[in-house]
Structure formats: C-alpha cells, structure tokens
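Values quoted throughout were computed directly from the atomic coordinates according to the rules given, and no laboratory measurement underlies them. None of the values given here were measured: they were computed from a predicted structure. Every residue, glycine among them, receives a Cβ derived from its backbone with ideal geometry; neighbour counts consider all protein chains shown.
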Amino acid sequence: MHRSDYVSLKVVVISSALLGGLIAGPSHARLRNTRSGVPQVADTSGQSYFANAHPYLEEPLEELIERIPELKTLQPAPNQQALPMILGKTGARVQEFFQNIVDLTAHEEIAQERLNAKGSIKASRRLQYNYLILIHHDAFAPIVEEYRTDLQGNRAEPDGLDEGFSVTSGFALKWIHFQPMARWDSTFLYLGDERMGARNTHVVAFAQRPEQATNSGTVRWSGGTVPILVQGIAWVDQDSFQIIRIRTDLLAPRNDIGLTRQTTDLTLSEVKLPDLATPLWLPIDVKVYLVFRGQTFRNEHRYANYQRFRVSTKIGP
C-alpha cells in the first residue's frame with residue numbers, strides 16, 4: 001500500500017511505509033466482513049508489540065488536557081450514559097459517507113518541513129498535486145484507493161524522500177474507526193463537550209485494541225515492515241453528529257525502529273457537488289507531526305476544489 005542514512009519519512013492513513021527512511025499511514029483500505037455480517041479478524045501478526053500499551057484515554061483528564069492542549073476548554077462529561085447514543089449516531093453518519101462517496105479529485109498543496117530540536121524550521125518546500133480518491137466496489141465492501149498525480153495528470157510517486165523530507169498521504173478514511181463494522185476493534189470514552197469554532201461538539205477519545213484491530217497500519221522501512229495501531233480524539237457536531245475534526249496518535253511509540261511520534265490532526269469541511277444530493281464531508285486541512293530517529297518532520301496539506309473524477313474514452317475511426 002503503500003529510502004538511506006538520511007532520514008526520510010512518508011505517512012499514510014490505514015497503512016504506512018518507509019523507503020530508506022520512514023513512511024507511515026493507508027493508501028488503500030477495505031472494510032472487511034463475512035457473508036454473515038460478522039467482522040473478520042485480520043492478520044494481526046506483530047501487533048502484540050502493543051499488548052501492554054496504556055492509551056491516553058486511561059489517563060486522568062487533567063493529564064490528558066496537558067498532553068493535548070486543544071482540550072483546554074472541555075466541559076467534562078459527568079458519566080458515560082450518552083456514549084452509546086453518540087457512537088450510534090456518529091456511526092450512522094460515517095456509514096452514510098461510505099454509501100455516498102464517489103470518485104473524487106481535488107487540488108492539493110503540501111508544505112513539507114524539517115524542524116530542529118526547538119521546533120524551528122531547518123528546511124522546507126512546497127508542492128502541488130492533483131489528489132484522487134477512487135472507489136472500487138466488490139461483492140462485500142468498497143475499497144477506497146488514494147493517490148496523487150502531477151498537474152499534467154501523470155501518476156506521481158512520493159516526492160521529497162531523497163531530500164530528507166517526510167511524505168504523507170491517505171486521509172480520506174481517517175474516521176473509519178467510528179464506522180459500525182469497524183468500531184469493535186477500539187475502546188471509546190466520552191470525554192465531554194467543547195466549543196469548536198461555531199459548533200458545539202461532543203468529544204470522544206478512542207484507542208485500538210491490540211490483538212483485535214482489523215484496520216491496523218503498517219510501517220515499511222529499509223529494515224522490514226512493522227504494524228502500527230492508533231489512538232485519538234474526535235470532535236463530533238452535537239446537532240448533526242458529523243465528525244468535524246479528528247486527531248490520531250500512535251497507540252505506543254515504535255522504539256524498536258525509532259518512530260516515537262506520529263500525530264495527525266485533520267479538519268473536515270462540507271463539500272457540495274452539483275450532481276450529488278447529499279454533501280460529503282472531506283479533509284480540507286491536515287497537519288502531520290512525526291519524530292523518527294531523532295528527527296522531527298511537519299507536513300501540512302490543504303485541499304480545495306473537490307470535483308467528481310470521471311474517466312472517458314473516445315474511439316476514433
């Protein structure tokens with residue numbers, strides 16, 4: 001799915017990879033289930049690395065807020081009675097997205113940065129691509145494929161690894177953990193309510209369950225491939241139960257390969273397409289922070305001008 005002593009890194013969302021450096025994250029993913037509708041356990045070989053992980057939803061709320069300052073205005077939940085309702089209605093919105101999603105293209109601008117120990121920029125570059133989200137339907141569930149082309153329409157390989165930058169992609173399925181068929185592989189906690197811009201939101205923390213997660217990622221690097229699991233925070237609009245922002249972190253650092261941090265902070269926006277009755281909520285701004293073998297990377301992706309992607313052929317005489 002997804003090179004050198006000069007550390008480089010690429011992050012995707014459901015799967016990841018390292019080319020002589022590091023690539024983390026999915027370029028394509030499928031919701032797996034059997035004919036009976038019972039989720040099928042994926043091969044989780046190697047996920048036992050996370051067996052003793054302690055997700056941050058187990059931390060006292062004060063420590064979690066200190067760790068994630070975006071929660072500083074959170075009004076704590078008195079109990080967990082509302083959690084089933086929030087998960088049910090949010091899951092319905094996620095399921096609706098998968099039912100309505102079509103092939104899409106968007107303009108993508110990427111800022112790649114390498115940072116020093118104090119967080120100052122050491123090197124940076126800006127790139128532009130066409131970003132494609134393609135849906136492949138099979139007998140049971142859709143497969144979602146994400147990739148880039150250059151501005152001339154040619155499929156583009158990850159750019160920047162040779163120059164020591166991280167390459168990140170694969171954000172269209174970031175909220176897959178709330179999809180009803182995928183929800184069983186995570187633990188959820190209702191943290192409380194918080195104002196997010198003009199919206200009142202429910203705030204829900206989640207963490208994948210080791211040895212059980214079906215939507216695990218992988219990191220492929222020069223030394224091999226290892227799995228990664230995530231934990232995160234979702235901000236859910238109280239009126240529509242649409243996820244409007246989601247943050248994910250590693251469930252535990254992969255100290256064995258030097259991946260100590262992978263944080264993705266994604267903001268969604270409503271996109272209305274002329275020939276679709278139901279608007280789609282799609283990534284509009286994504287920030288990715290990575291620390292790999294002592295080097296820090298920050299990428300920001302901005303998406304604009306979403307359109308339906310269609311391929312037509314013309315047969316000449």
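Among the trypsin sites (Lys or Arg not before Pro) found in segment 210-292, those both in a DSSP coil and sparsely packed, with 10 or fewer other Cβ atoms within 10 Å of their Cβ, are LYS272. Listed peptides 127-133, 55-61 appear in the order 127-133, 55-61 once ranked by packing, highest mean of other Cβ atoms within 10 Å at the front. Each label point was placed 7 Å from the Cα along the Cα-to-Cβ direction; for ASP239 and GLN80 their separation is 3.1 nm.
Does anything in segment 256-297 have its amide N under 17 Å from the 7 Å Cα→Cβ label point of SER124, and if so which residues? Within reach of a label on SER124, which here means backbone N under 17 Å from a point 7 Å along Cα→Cβ, segment 256-297 contributes 286-290, 296-297.
Annotation: amide H-H contacts under 5 Å for THR296 (H modelled 1.01 Å from N, sequence separation of 5 or more, or interchain): LEU115.
Packing here is the average count of other Cβ atoms within 10 Å per residue, and on that basis the peptides 228-236, 188-196, 160-168, highest first, run 228-236, 160-168, 188-196.
Among 87-99, 112-124, 144-156, the peptide with the highest mean count of other Cβ atoms within 10 Å heads the list, and the full ranking is 87-99, 144-156, 112-124. Among residues other than ARG114 whose Cβ falls under 11 Å from its Cβ, what is the net charge (Lys/Arg +1, Asp/Glu -1)? Around ARG114, the charge tally is +1. Each of GLU109 and ASN52 was given a label point 7 Å from its Cα along the Cα-to-Cβ line. The distance between the two points is 4.7 nm. As a calculated quantity, the FRET efficiency between ASP162 and GLN95 at R0 = 30 Å, using C-beta atoms, amounts to about 0.15. Spin-label model, ASP256 to GLN307: label points 7 Å out along the Cα-to-beta-carbon direction sit 4.7 nm apart.
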